[in-house]
Amino acid sequence: MDIINESQFKEIYNYVKNNFGVSLKKDDKRILINKCNKLLDALGVNNFKEAYNKIANDTTGEYKRIVADIITVNYTFFMRESQHFDYFRNEVLPYLKDVVKDRDLRVWSAACSSGEEAYTLAMIIDEFFINENLSWDKKILATDISSKVLEKAINGIYTLKDIEALPINWKFNYFTRISENEFSLRQEIKDNVIYRRFNLMEEKFPFKKKFQVIFCRNAMMYFDSVTQKKVLKKFYDVTEKGGYLFVGHSEAINVEGTGYKCIKPAVYRK
């Protein structure tokens, strides 16, 4: 494989930023070279120049999906930043139970990766509405740009290590053991999450109804400040008045001018 020179790094930098919002850093060049080995194999080419020509001239979207699967970071785990889930259970859901008169709960797990966040929310909601489950529409929309992680999320199969941080009663109530080391989420929880491939760089978010809660954690940390502001504005536009936005604790998000107000670390409200 050709070593990526500065000109080629600039090409892939612009492509990734324009298509996925991710701003690669100079320090990422070594990581990018390693990822390019996978990219060349996936595209069936021998060097970066051939790969870039194939990607840049693609009109089907197929190669764009391949790049998204390889380039984007997909790291998550159950109960990550658990304070958010505590707040969602103890503060957000009681509020929504009082104010949502049509019993239509609309929660979006954006940048959902391999499904741990969305399924955690689904289990919390199921537990909270245990005596009223049939009277509430409580499906969660979960989206990601990577088809590869969405496939894992849809399967809903996790290892013993994956689920070790979950409460014991959740393991018993919501999972079925399918092998010595694998557990599958029960169908009633999987049915409450709708997975879709979606790019946060879309010009407009095409949702007919607004969300009361949006989780977009540890995704915008890869965006520059201009891109962050654009995405935050789009989130704001699809958030119900009084609705919540959760971001990652390590993300330096500037909501000034967006309409969101910070109510606790990494939690914002419209």
Quick note, the range 41-171: a/c under 1.5 would make it rounded; otherwise a/b > b/c is prolate and the rest oblate (a ≥ b ≥ c, C-alpha gyration tensor); here it is prolate
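Would you mind working out the magnitude of the charge dipole of the chain relative to its Cα centre, with +1 at each Lys and Arg C-beta and -1 at each Asp and Glu C-beta, to the nearest 20 Debye? List each step's numbers first, then the result.
Numbers: 43 positive and 37 negative charges, 142 e Å.
So the magnitude is around 680 debye.
Using just the alpha carbons, could you tell me how many Å³ per residue the convex hull of the range 121-270 encloses? Provide the component values of the computation, followed by the final result.
On the way: hull volume 21.1 nm³, N = 150.
Hull volume normalised by residue count: 141 Å³.
Give me the one-decimal Kirkwood hydrodynamic radius in Å for the range 6-71, with the sum taken over alpha-carbon pairs.
Working: mean 1/r = 0.0842 Å⁻¹.
For the range 6-71, inverting the mean 1/r across all distinct Cα pairs yields 11.9 Å.
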For LYS152, go through the aspartates and glutamates and keep the ones whose alpha-carbon is under 16 Å away, minus same-chain ones fewer than eight residues off. ASP69, GLU116, GLU117, ASP144, ASP162, GLU182, ASP191
Using the Karplus curve 6.51 cos²θ - 1.76 cosθ + 1.60 with θ = phi - 60°, what ³J(HN,Hα) values do you get for each residue of the range 85-100, in whole Hz, with x for Gly and Pro? 5, 4, 5, 4, 6, 8, 10, 6, 5, x, 4, 5, 4, 7, 9, 8
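Exposed loop GluC sites (Glu not before Pro) only (DSSP loop, at most 14 other Cβ atoms within 10 Å): please give the longest stretch of the chain free of them, not including the sites.
Working: sites that count: GLU132, GLU164, GLU180, GLU202, GLU203, GLU256.
Formally, the longest exposed-site-free interval is 1-131.
Which value in deg cm²/dmol, rounded to the nearest 500, describes the helix-derived mean residue ellipticity at 222 nm for the chain, given -39,500 (n - 2.57) per DSSP H run of n ≥ 4 and division by the residue count? Spell out each step's value before the answer.
On the way: 11 runs with 108 residues, N = 270.
The helix contribution divided over the chain gives -11500 deg cm²/dmol.
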Apply the Karplus parameterisation 6.51 cos²θ - 1.76 cosθ + 1.60, with θ equal to phi minus 60°, to every residue of the range 124-141 and state each ³J(HN,Hα) to the nearest whole Hz, in sequence, with x for glycine and proline. 4, 5, 4, 5, 5, 9, 3, 9, 10, 4, 6, 9, 10, 8, 10, 6, 9, 8
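If you keep only loop residues by DSSP, which chymotrypsin sites (Phe, Trp or Tyr not before Pro) in the range 63-118 have at most 13 other Cβ atoms within 10 Å of their Cβ? List each step's numbers first, then the result.
On the way: sites: TYR63, TYR75, PHE77, PHE78, PHE85, TYR87, PHE88, TYR95, TRP108; in loops: TYR75, PHE77, PHE78.
Passing sites in the range 63-118 are TYR75.
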Treating the beta-carbon of each Lys and Arg as +1 and of each Asp and Glu as -1, no other charges, what is the dipole magnitude of the range 6-71 about its Cα centre, to the nearest 20 debye? 200
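Using the structure shown, select from LYS230/LYS270; LYS209/LYS234; LYS229/LYS270; LYS97/LYS241; LYS190/LYS270 the pairs with a Cα to Cα distance greater than 18 angstrom. Intermediate results must be reported in sequence, preceding the final value.
Working: LYS230/LYS270 16 Å; LYS209/LYS234 13 Å; LYS229/LYS270 15 Å; LYS97/LYS241 15 Å; LYS190/LYS270 29 Å.
The pairs that break the limit, which is 18 Å between Cα atoms, are LYS190/LYS270.
Computed from the coordinates by the stated procedures, all read-outs in this text should not be read as laboratory data. Since we're looking at a predicted model, the values are computed, not measured. Glycine also receives a Cβ, built like all others from the backbone with ideal geometry; neighbour counts cover every protein chain displayed.
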